[in-house]
1. Residue check, Asp49 against (1) in contact with a helix residue (DSSP H, G or I) (Cβ under 8 Å, 6 or more places away or on another chain); (2) over 26 Å from Glu102 (Cβ atoms); (3) at pLDDT below 90, all met but one. Which one?
2. Could you please find all residues in segment 72-102 being touching a Ser or Thr at 6+ places or on another chain (Cβ under 9 Å) and either at pLDDT 95 or above or farther than 20 Å from Thr13 by Cα (or both)?
3. Mind checking which pairs have a first residue in segment 82-94 that is within 17 Å of Ser70 (Cα to Cα) and a second that is surrounded by 14 or more Cβ atoms within 10 Å (Cβ to Cβ), Cβ under 6 Å, 6 or more apart or different chains?
4. Of all the residues that make up segment 38-86, how many are surrounded by 15 or more Cβ atoms within 10 Å (Cβ to Cβ) and not polar (S, T, N, Q)?
Amino acid sequence: MIQLNEFETQMLTTIAARRKIGKVGLPQALIRDEQVKVRFTESDRAVIDSFSKAADTNEAQFLYTLAISSVRDMMINDADLAREIRSELTIAGIAIPEWMTEL
């Protein structure tokens, strides 16, 4: 089993719980409804598959967690960028993601 940080572990737990609940009853802000297609080489895909299995989750949940965790880390290291992105979301009328509220 791989070691995930506390944020990543909590995110995977939350995603797994929401997945079992389904969309019914969840606030719109918590429903993941956008899809991004990502293409990998065969060897990169094999690595992702192995890591997601080691994290005891599926590839989609694992990649989602990695993407958000990586962006969060970059925002922690660049407060100006984080403020700019928060401002863009606010102007666009898009809810600030829960994981950004602590930045």
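1. Answer for Asp49: the failing condition is (3).
2. Scanning segment 72-102 gives a single hit, Ile96.
3. So the pair list comes out as Ala82/Met75; Ala82/Leu103.
4. 15
The values are calculated or read from the model by the stated rules, or taken from the named source; none is laboratory data. All values reported here derive from a predicted model rather than from experimental measurement. Neighbour counts run over all protein chains shown; Cβ positions are idealised from the backbone, glycine included.
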